[in-house]
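The values are calculated or read from the model by the stated rules, or taken from the named source; none is laboratory data. This structure is a prediction, so every number in the text was calculated from the model and none was measured. Every residue, glycine among them, receives a Cβ derived from its backbone with ideal geometry; neighbour counts consider all protein chains shown.
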Amino acid sequence: MKCINLYKSHFEPVALRGRSKFTKDSYIHLFRTWKKYSGGYEMRVEDCANGRMLEFLEWAQQGRKNTTINFLARLINCWSKYLVEEGHIERRDHIRMLPETHLVPEAYTVEEIQRILRKARKCLNIWYPKTVKPIPYALWMTCAIRTIWDTGERINALKTMPWDCVDLATGVIEIPAIVRKQTRPLKAKLKPRTLTEMRILYCYHTEWRRGNPTWNPDRHVFYIQRNRGSIAGDLGEIIKSCKIKVRTGERWNRFRRSYASYLEAAGFSATVAMMHKNRSTTERYLDPRIVTHESPNEHLPDLK
């Protein structure tokens with residue numbers, strides 16, 4: 001049996017990308033979680049076949065939701081299946097999924113999004129007048145929210161999107177599949193207000209390059225000197241000041257639910273717009289307060 005260090009050699013997840021929906025970063029997250037479990041030891045190929053993965057998931061259940069455990073289990077199943085196909089191991093341990101409790105999806109209403117935009121424009125430049133570069137923080141936040149509303153894309157995909165994806169003349173945005181959690185690219189047209197803010201963003205990026213010759217303004221559209229956790233915390237403070245109750249970890253994802261819910265309420269298919277393979281996935285994005293389904297028993301004849 002071959003013994004390969006998986007944590008340092010990331011060529012395997014790259015080779016796996018063509019046959020798996022999980023990204024390279026997902027597998028790196030799995031390897032790092034394993035390192036915490038093993039006390040600093042790195043994952044090896046034989047650990048996928050000797051029952052260690054079952055012990056690993058039992059350890060991971062402490063303080064984690066079943067949804068997170070099932071995500072790790074899917075990674076392990078896909079990874080170990082790939083190792084069997086490549087001949088690294090002869091058999092693999094198949095892991096069963098845990099039952100998940102899906103909460104009722106909640107989205108922002110249009111009125112709530114308007115309040116968030118007004119509060120962001122009012123507060124962020126006051127909170128961080130000089131520390132966030134190369135663009136005003138309030139402009140970054142409002143443009144990101146508007147882009148999610150126009151495209152339904154994830155915030156992490158937008159943060160890694162280069163300027164080549166945006167046509168500032170026509171307002172057409174094309175996000176490649178390599179930066180999305182999908183196998184297909186996304187093409188959408190930005191609304192005029194979003195396009196105007198996007199053009200202002202590009203002007204700030206170009207101006208920033210004058211004092212920083214090594215800076216490439218064409219790198220990322222939503223580049224900013226602030227980490228993901230801090231941005232989420234700042235958005236949480238804005239939402240809290242708007243007196244909107246949001247569950248932990250849903251601050252950004254609620255904008256995507258609003259995109260899907262309002263499209264569905266308007267008569268369009270959110271499954272097609274969000275490129276979901278299964279309708280059950282889309283149902284997790286539809287807020288019943290916005291999308292109202294007609295009860296089928298209303299079409300039954302009355303009994304005398």
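Which of the residues belonging to segment 27-61 are without any contact (Cβ under 8 Å) to a residue 24 or more places away in the chain and of a type in the set (Ser, Thr, Tyr)?
37, 38, 41, listed by residue number.
If we scan segment 37-45, do we find a residue that is crowded, with 17+ Cβ neighbours inside 10 Å, modelled with pLDDT under 80 and among the small types (Gly, Ala, Ser)?
For segment 37-45, residues crowded, with 17+ Cβ neighbours inside 10 Å, modelled with pLDDT under 80 and among the small types (Gly, Ala, Ser): absent.
Working carefully through the options 228, 257, find the one that is under 18 Å from residue 188 (Cβ atoms), in the same structural domain as residue 157 (by TED's automatic domain parsing) and of a type in the set (D, E, K, R).
So the residue among 228, 257 that is under 18 Å from residue 188 (Cβ atoms), in the same structural domain as residue 157 (by TED's automatic domain parsing) and of a type in the set (D, E, K, R) is 257.
Could you tell me whether any residue of segment 219-229 is at pLDDT below 90 and in a helix (DSSP H, G or I)?
Yes, the conditions are met somewhere in segment 219-229.
Within segment 168-190, work out how many residues are touching a helix residue (DSSP H, G or I) at 6+ places or on another chain (Cβ under 6 Å), outside any strand (DSSP E or B) and surrounded by 13 or more Cβ atoms within 10 Å (Cβ to Cβ).
6
Count, please, the residues in segment 63-100 that happen to be more than 15 Å from residue 29 (Cβ to Cβ), surrounded by 14 or more Cβ atoms within 10 Å (Cβ to Cβ) and in contact (Cβ under 8 Å) with a residue 40 or more places away in the chain.
Looking only at that region, the number is 6.
For the structure I just gave you, tell me whether residue 255 is part of a loop (DSSP other than H, G, I, E, B) and within 22 Å of residue 171 (Cα to Cα).
no
Anything in segment 146-159 that is more than 18 Å from residue 272 (Cβ to Cβ), buried (at least 17 other Cβ atoms within 10 Å of the Cβ) and of a type outside the set (A, V, I, L, M, F, W, C)? List them, or say none.
146, 147
Taking segment 263-292 only, how many residues are over 14 Å from residue 105 (Cα atoms), hydroxyl-bearing (Ser, Thr, Tyr) and part of a loop (DSSP other than H, G, I, E, B)?
Total meeting the criteria: 1.
Could you go through segment 70-79 and let me know if any residue there is assigned to a loop (DSSP other than H, G, I, E, B) and modelled with pLDDT under 85.
For segment 70-79, residues assigned to a loop (DSSP other than H, G, I, E, B) and modelled with pLDDT under 85: absent.
Six or more apart or on different chains, Cβ under 9 Å: which pairs go from a residue in segment 126-142 that's of a type in the set (Ser, Thr, Tyr) and buried (at least 16 other Cβ atoms within 10 Å of the Cβ) to one that's assigned to a helix (DSSP H, G or I) and modelled with pLDDT under 75? Could you list them?
Correct list of pairs: 137/125; 137/127.
Which condition number in (1) outside any loop (DSSP other than H, G, I, E, B); (2) within 22 Å of the chain's Cα centre (by Cα) is the one that residue 210 fails?
Against the list (1) outside any loop (DSSP other than H, G, I, E, B); (2) within 22 Å of the chain's Cα centre (by Cα), residue 210 comes up short only on (2).
Out of all the residues in segment 263-281, which are more than 23 Å from residue 143 (Cβ to Cβ), crowded, with 17+ Cβ neighbours inside 10 Å and at pLDDT 90 or above?
264, 270, 271 - these are the residues of segment 263-281 that are more than 23 Å from residue 143 (Cβ to Cβ), crowded, with 17+ Cβ neighbours inside 10 Å and at pLDDT 90 or above.
Can you name the condition, by its number, that residue 260 falls short on among (1) closer than 26 Å to residue 287 by Cα; (2) out of contact with any helix residue (DSSP H, G or I) (no Cβ under 6 Å at 6 or more places or on another chain); (3) modelled with pLDDT of 85 or more?
If we test residue 260 against (1) closer than 26 Å to residue 287 by Cα; (2) out of contact with any helix residue (DSSP H, G or I) (no Cβ under 6 Å at 6 or more places or on another chain); (3) modelled with pLDDT of 85 or more, just (2) comes out false.
Just to be sure before I move on: is residue 146 touching a helix residue (DSSP H, G or I) at 6+ places or on another chain (Cβ under 6 Å), among the basic types (Lys, Arg), modelled with pLDDT of 85 or more and in the same structural domain as residue 276 (by TED's automatic domain parsing) in the structure I sent?
yes
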